[in-house]
Each structure stands twice: as C-alpha cells, then as structure tokens.
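To start, the structure under review is shown below, and the notes come after it.
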Amino acid sequence: MALPQTQVGATDMLSVSNLTTSYGLIKALNDVSLVAKEGQVTCILGPNGAGKTTLMFTLAGILKPVSGSVQFDGIEIAGLGAPKVLQSGLSLVPENRLVFPLMSVRDNLMAGAYLRHRSKRIEVENDLEKMYERFPVLKQREEQNAGTLSGGEQQMLALARALMSRPKMLLLDEPSVGLAPKIVDEIFAIITQVKSEGMSIVLVEQNAIKALQVADHFYFLDQGRVSFNGNPNELENEDVIRRAYLGQ
C-alpha cells in the first residue's frame, strides 16, 4: 500500500499505519494508513458505510483494532481503551452529539474534565468560565438539562465538553449532521477559530464543500480503505466531490 502523502512544515501528531478493525468477520477498516499534522485540520471524506465512524471510534479507543498501529504524539495508543486515549490528549466529539440528556449543561461540561477535576479544581472552574465565554448560550442554559437544548446548542455543548479535557487533538465526527444551514455556518466558524488557536483536528464530514474550506489535507475513505488523499488547495473542490461521492 502506498504511504500517505506528507505535508512540509508541520509535525506529524497522529500517524496511523495499516489499521484494520473488524465487526466479526466484516472488515470495516482494511489496512488504513494516514497522518494528521499538528495545528492542522485533516478531513476524512467518504460515502455512508465507508468506515469513517469506525475509524474515529478506533482512534478514540472505543473499538480495538485487529491489527495496525496508531501513534499519537509519539505514543502507541492502539487498543489502549478510551480513558487512556483521552488521557493522552485525544478527545472525540461523536456523531449526533451524544450529550447526557438528563444532566445539566454544567454537569455535562464538568464530565468532560472528569480525569482532572479532583486534582485541579480551580483550573477546571477557570476552563468552565472560558467555555461560557466562547459559547454564551451555554451559560444561559447552564442549569438546563442537555436533552432540552436545540441540535445546534447540543453540538456546541459536545464540542465544549471535549475542550474541557484540554485535548491536544480533537476528533470531530459529522459535526454538521442534522443542523440547519445557519447553524452549520456557526459550527464551522467555531472549528476555524479553534484551529486558529493551535488545535489539531481530525474532521469526518459529509458536507464536503464546508469540510474542504477548513481542511489542510484530506483523505477519501471508501469501503474501509483510503483510495486517495490530497491538499484541497491543489484540487478543484467540485472534482473532489465528484470522485468522492459519484465515483467519477
């Protein structure tokens, strides 16, 4: 398998080599290799059923791979399990938000810092205030149950909850799914802002046009394999979308 293309001038933060993850006898990921660089947005495109969410779950430690390597910040994390992966600095914002619906907004945010809130309570409280500054609507809804928020508000909560862990890299799985166009614009504006502050991001997204506007590099995943990858600035977006979604 050909090695992924590399970009000059940035350090590889995440390096995936020959990763295979299965559900029983079905290979959802088959010999996947890719890199995500520090301070950049690496986008994963592909049709439904291509293995994108399986990839994110494997990177986050929720699924254990059959074989292959996942190096994050110089440490092998494949198969470590979600708590240790999170502790290493890799934080997942899952598809469909998956907030804790019967917990308050504040408790959801505090759950994001559960690995450090006992030993660093003042630091965590300061981070909580920063989240409220970044997402004012969450401050307004602080005592409200997360399940009563709108879809866009839940997406902001899920993102803020992930940031409460002070990650080195965010895994964003379909952040725009099910949201109105105006809210999608707001979410991608937040992604752009977080990136500008130095955050490294791996972004899975069906909205290829939006994704390629913020991506530094992209991979196309099809039937569990990386079929091509490239730099959005070197390609016509419409051509990328045709090849990605229409097989042309």
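Tabulated values for the structure
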item	result
Per-region count, the range 133-147, residues part of a helix (DSSP H, G or I) and surrounded by 13 or more Cβ atoms within 10 Å (Cβ to Cβ)	5
Filtered residues of the range 88-111 (kept if over 17 Å from GLN155 (Cβ atoms) and within 16 Å of the chain's Cα centre (by Cα))	SER88, GLY89, LEU90
Among the candidates LYS64, LYS130, residue that is without any contact (Cβ under 8 Å) to a residue 60 or more places away in the chain, charged (D, E, K, R) and outside any helix (DSSP H, G or I)	LYS64
Residue that is surrounded by the most Cβ atoms within 10 Å (Cβ to Cβ), among those in the range 114-127 that are more than 22 Å from the chain's Cα centre (by Cα) and not in a helix (DSSP H, G or I)	HIS117
From the options ALA50, ALA111, ALA78, residue that is surrounded by 22 or more Cβ atoms within 10 Å (Cβ to Cβ) and either touching a residue at least 40 places away in the same chain (Cβ under 8 Å) or touching a helix residue (DSSP H, G or I) at 6+ places or on another chain (Cβ under 8 Å) (or both)	ALA50
Scan of the range 148-171 for residues that are part of a helix (DSSP H, G or I), surrounded by 22 or more Cβ atoms within 10 Å (Cβ to Cβ) and either of a type in the set (Lys, Arg) or over 14 Å from the mean Cα position of the chain (by Cα) (or both), ordered by number	GLN154, LEU157, ARG161
Answer residue from the range 173-194, given it is touching a residue at least 12 places away in the same chain (Cβ under 8 Å) and of a type in the set (D, E, K, R) and is surrounded by the most Cβ atoms within 10 Å (Cβ to Cβ) among those	ASP173
Given (1) in contact (Cβ under 8 Å) with a residue 40 or more places away in the chain; (2) farther than 15 Å from MET56 by Cβ; (3) not in a helix (DSSP H, G or I), index of the condition SER227 fails	(1)
Lone unmet requirement of (1) out of contact with any helix residue (DSSP H, G or I) (no Cβ under 6 Å at 6 or more places or on another chain); (2) in contact (Cβ under 8 Å) with a residue 12 or more places away in the chain for GLU205	(1)
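Residues checked against (1) surrounded by fewer than 18 Cβ atoms within 10 Å (Cβ to Cβ); (2) basic (Lys, Arg):
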position	(1), (2)
SER196	yes, no
SER200	no, no
LYS210	no, yes
ASP216	no, no
TYR219	no, no
PHE228	yes, no
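Just so you know, all these numbers are worked out from the coordinates, no wet-lab data involved. As the structure is a prediction and not an experimental result, all values here were calculated from the model. Glycine also receives a Cβ, built like all others from the backbone with ideal geometry; neighbour counts cover every protein chain displayed.
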